[in-house]
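First up is the structure itself, then whatever we jot down about it.
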Amino acid sequence: MRTRGLAETAAVLAEPARAAMCLALLDGRAWTVGELATAAGVAPSTASEHVSTLDGAGFVESLKQGRHRYVRIADAQVAALIERLAEHTDHRPAPAGLRASIRAKHLTAARTCYDHLAGRLGVAVRAGMVDHGLVDLSSGISLTSQGKSVLAELDVPLPLAGRRPLLRDCLDWTERTEHLGGGVPAALLDRALAAGWVRRGDGRAITVTPAAREPFAALGVDIDAQR
């Protein structure tokens, strides 16, 4: 995201509809303006104006495919900013109503944090990979040779080195401890979705399937203990 004044950046997210759109986009997918309008509870024309504001501020980028216009979070830096702001604003009473309580429970168990796993499952993946020697914390955070071998066996491709770190700690706003962010966790989530180990649920919620038991065990995670 382009460098902006603090007050100017805060003003962009101070509008409830724009904030709702950004939170919806944290699932890592590209949304149409119409879908964002529904998520924010505004008219499509109003949603289009909000998207233009977010685009101009560097929060989102727009893509065109055929006649459709899609919108997604601009990059991982923006996603991390929104996630951290959500962390600061989520100190509130437990949700009222059965539906809200169930949704909150699902988000706490497993969800996406932009393009990687979060919630109890994300935290368990970090802990498991560290405990099994797949990730080394002795000097920063890095993938070990054993970690590379395990990921290769699971057909998780290692991203090329670039501006984005392969691994970084990302504070989990429900668990109050770290899960893994960066290029490797993003590749792991892509592989897990494609292989059917997990599937997307309501919004950012992730549902773990029985097929995840063996591959996640290789990462040091007992899936049954996460239920």
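The values are calculated or read from the model by the stated rules, or taken from the named source; none is laboratory data. Given the structure is predicted, the values throughout are model-derived calculations rather than measurements. Cβ placement follows ideal geometry from the backbone for every residue including glycine, while neighbour counts extend to all protein chains displayed. Note: areas computed on protein heavy atoms with side chains; ligands, DNA, RNA excluded. Shrake-Rupley method; radii C 1.70, N 1.55, O 1.52, S 1.80 Å.
A compact table of results
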quantity	calculated
Residue list for segment 20-34, restricted to those being under 18 Å from residue 111 (Cβ atoms) and open to solvent by less than 40 Å² (accessible area, probe 1.4 Å)	20, 21, 22, 24, 25, 26, 27, 28
The lone exception for residue 192 - which of (1) small (Gly, Ala, Ser); (2) open to solvent by 40 Å² or more (accessible area, probe 1.4 Å); (3) within 19 Å of the chain's Cα centre (by Cα) it fails	(2)
Qualifying position, being among the basic types (Lys, Arg) and within 22 Å of residue 81 (Cβ to Cβ), among 204, 199, 213	204
Given (1) surrounded by 14 or more Cβ atoms within 10 Å (Cβ to Cβ); (2) more than 19 Å from residue 77 (Cβ to Cβ); (3) at pLDDT 90 or above, number of the condition residue 175 does not satisfy	(3)
Close pairs from segment 203-227: first at positive phi, partner at pLDDT 95 or above and not basic (Lys, Arg), Cβ under 6 Å, at least 6 apart	220/128; 220/129; 220/131; 220/132
Selected residue (only one of 50, 88 is modelled with pLDDT under 75, under 15 Å from residue 10 (Cα atoms) and not hydroxyl-bearing (Ser, Thr, Tyr))	88
